[in-house]
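Here is the structure we will look at, set down as structure tokens.
The values are calculated or read from the model by the stated rules, or taken from the named source; none is laboratory data. All values reported here derive from a predicted model rather than from experimental measurement. Because the Cβ atoms are built from the backbone with ideal geometry, glycine has one as well, and the counts that use them run over all protein chains shown.
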Amino acid sequence: ETRFSEFADIEEEADEVVEEPPLYKVILLNDDYTTMDFVVGILEEIFHKTPSEATQIMLLIHNTGSGVCGIYPKEIAETKIEQVHSKAKNAGFPLRAVMEKE
Ligand code: TYC
């Protein structure tokens, strides 16, 4: 609808409630077999962490059992998890990632 007024770019009716899409935490789980270097590489390559952030997060996971790697919309979180599982399987490691609604 084209409206030639100063209000022409108002997109929503005033009584509509607009919800943001839900976000999901992607969580990496500790295990006894995946190497620390491999987990740091995953955090750098898939989750775009710096080497120092990646090392901190890896150690948190190693020491506590799990750690949040990033927070994303559902489809992006699902893709990150698939990428982790694919790379881990290729390398012969049992590394697992899960997602949790924020
Ligand atoms: N616990 C592993 C080791 O001692 C390292 C590790 C860290 C594995 C984080 C998985 O998500 C993980 N080699």
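Some values worked out for this structure:
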| quantity | calculated |
| --- | --- |
| Residues of the stretch 24-49 that turn out to be within 17 Å of the chain's Cα centre (by Cα) and farther than 22 Å from residue 73 by Cα, as a count | 4 |
| Of all residues making up the stretch 35-73, the number that are assigned to a loop (DSSP other than H, G, I, E, B) and either at positive phi or among the small types (Gly, Ala, Ser) (or both) | 2 |
| Some residue of the stretch 6-23 being within 14 Å of the ligand (Cβ to nearest atom), modelled with pLDDT of 95 or more and under 19 Å from the mean Cα position of the chain (by Cα) | no |
| Any pair with Cβ under 8 angstrom, 6 or more apart, that starts in the stretch 27-42 at a residue that is free of Cβ contacts under 8 Å to residues at least 24 places away in the same chain and under 10 Å from residue 58 (Cα atoms) and ends at one that is outside any loop (DSSP other than H, G, I, E, B) and within 6 Å of the ligand (Cβ to nearest atom) | 40/58 |
| Output for the stretch 44-68, where each listed residue is closer than 19 Å to residue 23 by Cβ, more than 9 Å from the ligand (Cβ to nearest atom) and of a type outside the set (D, E, K, R) | 46, 47, 48, 68 |
| Set 35, 2: member being loosely packed, with under 14 Cβ neighbours inside 10 Å and modelled with pLDDT of 95 or more | 35 |
| Search result, residues across the stretch 17-34 that are part of a loop (DSSP other than H, G, I, E, B) and closer than 15 Å to residue 96 by Cβ | 30, 31, 32, 33, 34 |
